[in-house]
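The values are calculated or read from the model by the stated rules, or taken from the named source; none is laboratory data. All values reported here derive from a predicted model rather than from experimental measurement. Heads up, the Cβs are rebuilt from the backbone with ideal geometry, glycines too, and the neighbour counts pull from every protein chain shown.
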Amino acid sequence: MEENMIPEQSPAVPPRKEGRKLRLFQKNPNKIRESKVDIFLNIVNIVFLFLGVVIIVFPLLNYFSLAFNNGNSNLKVVFYPVDPSLKSFEYVLAGDGALDFWRAFGNSVLLTVVVTIGSNLVEAMAAYPLSKRDFPFKSGILMYFIITMLFSAGIVPIYLLMSMFGLLDSIWSVILISISNVTHLLYFKTFFEGIPSDIEEAAKLDGATDLQLFFRIIVPMSLPIIGSCCFFTIVGCWNGYGSALMFISQSAKGKAAQPLAYYLYLMLQSDTLNKNDPWLMANSKNVEAAAMVASIIPILLMYPYVVKYIKSGLQLGSVKG
Amino acid sequence: MITGETPAAEAAGGTAPPVGETITQAASSFRRYEEPGYWKSQWKRVKKYRRILFFLLPAAAFTLIFSYLPMLGILFAFKGPEFNLTKGDVLYNLTHGSWTFSNFGAIFVDDSFWKAVGNTLIINVIRLFICFPLSIIIAVQLSELKNQTLSKVILIILTIPNFLSWAIVIGIWAGLLNPDTGFLGQVTGYIMAQDAWFKPLAVFFSAWKGAGWGCILFYSAIAAIDKTYYESATLEGANRLQKMWYLTIPSIMPTIALMLVLNISGMMATGFEQIYTMMQMNAGVLTESQIVLDTYIYQISVVDRTNIPFATALGVFNGAIALALMLIGNAITTKTMKRGLW
């Protein structure tokens, strides 16, 4: 992984010093001279990737600098705020828009926390017995779960079920529908199967009950898989608004139950903004951008984990080979 | 299939559990109950594991209530047109009124349905030809980069949009393409409101959001290739293009084939949040070239709610097609690659 693709050096040459700085073209005296095709490919490669990075980063910078900009000079913004102003943030976080924003933020926090803990706990507990090789009726029980992954009856029955429970226009409809996650059940099951049974037997000899065994031994040993499943649940809950679109209407009651992503989606259509305020009319794009920037901060805080996750995923790949 | 991460997206990061094999095993083990002593041995194992049986209860209960109970709702698809929730509750409507099969027949003569199927297939086929190869190309290019640190930094930058919600992604591009305030919109005009641009933009947005994340799987597959192959290829005088074409691509072919089948299995789903948000950006004006299956079902089942039996029938029909596509995909991968689809 860490070494170069073309380290064609004879054993006599002392190993290169590992440089800390980024080097696109590394100097190596004994290297086989690259053909013209290779040099051309290198250039195409770098240009292409550079273009990709620009296509990703430019819209982000452009849009996010709108959040820090004054609405009158939006046209001049390229990738930094030309007329810096924090008024949009003030409006969203502490001004007239604060009630809606923080209510949606609170709903999203509730949704994310309950689903992340609930879903992963429930699925990990179910995966534990299913990871035993000779668990009775194991295949039948597995089928019971997998069928729900393959087939669903559609929106109408779930919608009517929620209306029968009286959960429409409530964040709990979104929470309850998100708890069941068979994909994670299967991840946990696969991981638990890899834990040596000797450890469990030793703990049982020491007098551990099954609950103690699960929470004190199995869960701590499975932290990598539990961590990544929790991470995906968090991102999914924070960013998803498909179920919210289904169960939460735009009525007064529904408004109090909107999660943050749904609130942003409604904001895009600008019908949540007060049309009588001239400052707001001039700054509507900036307020929108400020709300979006504020909403991704929790995800940004998790980005070190993403980096670690991607790196470990890549190492996993290289070990397998 | 509307909510949550797709299995493919998650499999991109971790190791995919072999569900397909589980299904095959399960099918074969159902036949074992005829063997003598089968029930006795099962009972012995129930007693052995009696203390952890209750671990299954919460998950089983949630699945029963929120997955199996709605399946009873399939019955609505067989109700006559007098089904009306303003006259009584769900149970009243279920027990009163006539039963009919005509709702399923009505799907096939529904113009909007065929428009939706057409648009869904068009968007997904273009995605298959653009977004899917794009991920592979990026992965190959990243691994061809000599500086591995730089290639990881680029990879992490490319995955950023995957962690933004669709509302933000579309907000960003709507802002950029806004003719009054946007940087690109001053040149292009407001192409997001134009019918002809809807499908290209839908594909472009999914590429922008997903290509970086999608390439992680291929990138780690390439990283797993034995480096000695490359060394011997270099000694044989292969240039980098030849190594790419004759070594890298064939080595990651199993991964490519798997993801291809997975993509084709999800052919009837377009990503509800994305398409619906894009449609709503045009001041809620729904034109026929923008309607896809996901949004059409949502429109008639949740927004309109005028013909509940027909909406149910369409939902069930869509679920059946999705199931069939996945089972076919699973059969193909189990046969050719000895590995389940999920």
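Please tell me if residue B:275 is crowded, with 18+ Cβ neighbours inside 10 Å and among the aliphatic types (A, V, I, L, M).
For residue B:275, the condition - crowded, with 18+ Cβ neighbours inside 10 Å and among the aliphatic types (A, V, I, L, M) - is met.
Of the numbered conditions (1) within 25 Å of the chain's Cα centre (by Cα); (2) more than 30 Å from residue B:262 (Cβ to Cβ), residue B:130 satisfies every one except a single condition; which is it?
(2)
Taking the stated definitions as given, is residue B:218 more than 9 Å from chain A (Cβ to nearest Cβ), of a type in the set (A, V, I, L, M, F, W, C) and either touching a Phe, Trp or Tyr at 6+ places or on another chain (Cβ under 7 Å) or outside any helix (DSSP H, G or I) (or both)?
no
Keeping to region A:160-209, report how many residues are touching a helix residue (DSSP H, G or I) at 6+ places or on another chain (Cβ under 9 Å) and more than 24 Å from residue A:226 (Cβ to Cβ).
13
In region A:131-214, which helices (runs of 4 or more DSSP H) lie fully inside it and hold 2 or more residues that are at the interface with chain B (Cβ under 9 Å from one of its Cβ atoms) and under 28 Å from residue B:326 (Cβ atoms)?
Correct list: A:138-150, A:155-165, A:171-179, A:182-193.
How many residues does region A:223-248 contain that are at pLDDT below 90, surrounded by 16 or more Cβ atoms within 10 Å (Cβ to Cβ) and not hydrophobic (A, V, I, L, M, F, W, C)?
Total meeting the criteria: 1.
Quick one: in region B:60-90, of everything that is exposed (fewer than 13 other Cβ atoms within 10 Å of the Cβ) and facing another protein chain (nearest Cβ under 8 Å), which residue is nearest to the chain's Cα centre (by Cα)?
Ranking the candidates gives B:72 first.
Mind checking which residues of region A:32-79 are facing chain B (nearest Cβ under 7 Å) and of a type in the set (D, E, K, R)?
Matches in region A:32-79: A:38 only.
Could you grab me the full set of residues in region B:141-175 that are more than 24 Å from the chain's Cα centre (by Cα), farther than 18 Å from residue B:273 by Cβ, of a type in the set (A, V, I, L, M, F, W, C) and part of a helix (DSSP H, G or I)?
Hits for region B:141-175 are B:142, B:150, B:153, B:154.
Would it be correct to say that residue A:156 is of a type in the set (Val, Ile, Thr), in contact with a Phe, Trp or Tyr (Cβ under 8 Å, 6 or more places away or on another chain) and under 18 Å from residue B:62 (Cβ atoms)?
It is false that residue A:156 is of a type in the set (Val, Ile, Thr), in contact with a Phe, Trp or Tyr (Cβ under 8 Å, 6 or more places away or on another chain) and under 18 Å from residue B:62 (Cβ atoms).
Report, by residue number, each residue of region B:44-59 that is within 7 Å of another protein chain (Cβ to nearest Cβ) and modelled with pLDDT of 90 or more.
B:55, B:56, B:58, B:59
Could you please tell me which pairs satisfy a Cβ distance under 7 Å, a separation of 6+ or placement on different chains, a first residue in region B:317-337 that is closer than 14 Å to residue B:264 by Cβ, and a second residue that is of a type in the set (Val, Ile, Thr) and at pLDDT below 90?
Note: pairs meeting the criteria are B:329/B:261; B:329/B:264; B:332/B:261; B:333/B:261.
Residue B:238 versus (1) over 22 Å from residue B:258 (Cα atoms); (2) part of a helix (DSSP H, G or I): which is the lone unmet condition?
Here residue B:238 clears every test but (2).
So for region A:109-130 (the condition being surrounded by 17 or more Cβ atoms within 10 Å (Cβ to Cβ), closer than 24 Å to residue B:302 by Cβ, of a type in the set (Asp, Glu) and in contact (Cβ under 8 Å) with a residue 40 or more places away in the chain), does at least one residue qualify?
no
Among the basic types (Lys, Arg), within 26 Å of residue A:245 (Cα to Cα) and surrounded by fewer than 20 Cβ atoms within 10 Å (Cβ to Cβ) - does that describe any residue in region B:194-204?
Looking for residues that are among the basic types (Lys, Arg), within 26 Å of residue A:245 (Cα to Cα) and surrounded by fewer than 20 Cβ atoms within 10 Å (Cβ to Cβ), one finds at least one in region B:194-204, hence yes.
With the requirement that a residue be more than 7 Å from every other protein chain (Cβ to nearest Cβ) and either at pLDDT 90 or above or farther than 25 Å from residue A:75 by Cα (or both), what does region B:160-186 give you?
Of everything in region B:160-186, those that are more than 7 Å from every other protein chain (Cβ to nearest Cβ) and either at pLDDT 90 or above or farther than 25 Å from residue A:75 by Cα (or both) turn out to be B:162, B:166, B:169.
Within the group A:99, A:86, A:121, which residue is under 29 Å from residue A:234 (Cβ atoms), facing chain B (nearest Cβ under 10 Å) and not β-branched (Val, Ile, Thr)?
A:121
Might you check whether a residue that is polar (S, T, N, Q), modelled with pLDDT under 90 and surrounded by fewer than 23 Cβ atoms within 10 Å (Cβ to Cβ) occurs anywhere in region B:322-335?
Looking for residues that are polar (S, T, N, Q), modelled with pLDDT under 90 and surrounded by fewer than 23 Cβ atoms within 10 Å (Cβ to Cβ), one finds at least one in region B:322-335, hence yes.
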